[in-house]
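Just below is one structure, and these are the notes that go with it.
Just so it is clear, none of the values below were taken in a lab; they were calculated from the coordinates. Being a predicted model, the structure only gives us computed values, none of them experimental. No Cβ is skipped: glycine too gets one built from the backbone with ideal geometry, and neighbour counts run over all protein chains shown.
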Amino acid sequence: MDNGSWSSEDMPDLTGRTAVVTGANTGLGAVTARELSQRGARVVLACRDMAKGADVAADLAEAQVVRLDLSSLASVRDAAAQIREMTGRLDLLINNAGVMMTPRGVTQDGFELQLGTNHLGHFALTGLLLDRLVATPGSRVVTVSSLAHRLGSGWMRFEDLHSERSYDRMGAYAQSKLANLLFTHELQRRLEATGAETIAVAAHPGISSTDLGRYVPWYARPVVSGFTLAAGHSAAKGALPTLRAATDPTVVGGDYLGPTGYRQMRGRPGVVTPSRASRDPEAMRRLWEISEELTGVRPPLAVG
């Protein structure tokens, strides 16, 4: 893969393909949905804020909006059922939505809020749609992680998965983003083992200017904003790794794409290296099994 020159203009024609983008009402998700639509894809915007989702969809050639609250498994199941009703085929599932550095909280199902929203909600959604993806030639699952997956201990804290013993906003966010990568790698392993043509890949936007930081404590906002302006790039550029992961024919299962500039903070999108912890086979399997138990969703990929 050439890491030096790819842009959204290199995306292939997507006419006839269907993509689901979570969190497509704002930021990276909205950019992703618009670019896919401009290449001819039919886009389903899976959003918690239906009004904002409708505003984005109004500018797209062929788009529908489905309500999805990833912090509620009931909402995830409802959204998956609606998507199944409106789509005969599913070429792309882009797990983009997320929350960052929230105050301590739990989802409607009692999970730590960031892990529950960023990982467990997407795990359940993917599992509920996986048969449609596997039945569609050339389909992909793209899950958006973050540079933050390396922070904290750098390893999954299975002994305190829901941060009940102690809670740190950034630490919990880092765990949820590490979970995104562990999920991607285990999903790819299981897809390969069952002979499916669907691939699982991951991406991260680098340091991108979006509203994801709305939960950053007030006293840290000037520092975060200044750092983003100095070292980061726009949402349009931040979405490029996701778009390349979703559409570039040279991408292979298990790839992780991000900016290839200084410390992966900005620059052209290409394949980058995730942490060693995100590729730990035991952690991958363990998180998958725990995720099945917590969500009650068992993707049809039972392998050893």
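Projecting the Cα atoms of Leu294, Leu68, Ala148 onto the charge dipole of the chain, computed from C-beta unit charges around the Cα centre, puts Ala148 farthest toward the positive end. Neighbour counting of Cβ atoms within 10 Å sorts the residues Ile290, Ile94, Ile207, fewest neighbours leading, into Ile290, Ile207, Ile94.
With the convex hull drawn over the C-alpha atoms of the chain, the volume per residue is 121 Å³. Magnitude of the charge dipole for the range 29-123, about its Cα centre and with charges confined to Cβ atoms of Lys, Arg (+1) and Asp, Glu (-1), is about 80 debye.
Sorted by mean Cβ packing within 10 Å, highest first, what order do the peptides 176-182, 291-297 take? Numbers along the way, then the final one.
On the way: 176-182: 26.9, 291-297: 17.4.
Output ranking for 176-182, 291-297: 176-182, 291-297.
Selection among Ala19, Ala245, Ile83 by position relative to the dipole of the chain gives Ala245 as farthest towards the positive end (Cβ unit charges, Cα centre).
The packing ranking of peptides 195-205, 45-55, highest mean first, is 195-205, 45-55, where packing means the average number of other beta carbon atoms within 10 angstrom of each residue. A Gaussian network model of the chain, with springs between Cα atoms under 10 Å, assigns the largest mean-square fluctuation among Leu287, Leu70, Leu240 to Leu287. Measuring nothing but how far apart in sequence close Cα pairs (under 8 Å, 6+ apart) lie, relative to its length, the chain scores a relative contact order of 20 percent.
Comparing Thr194, Thr143, Thr26 in a Gaussian network model of the chain, where Cα atoms under 10 Å apart are tied by springs, the biggest mean-square fluctuation is seen for Thr194. Distance between the modelled labels on Glu282 and Gln38, one decimal in nanometres: 4.7 nm (7 Å Cα→Cβ projection).
Charges at C-beta only: +1 for Lys and Arg, -1 for Asp and Glu. How large is the resulting dipole of the chain about its Cα centre, in Debye rounded to 20?
Using only the charged Cβ atoms, the result is roughly 520 debye.
Here the residues Ser208, Ser153, Ser163, ranked from fewest to most Cβ neighbours within 10 Å of their Cβ, fall in the order Ser153, Ser163, Ser208.
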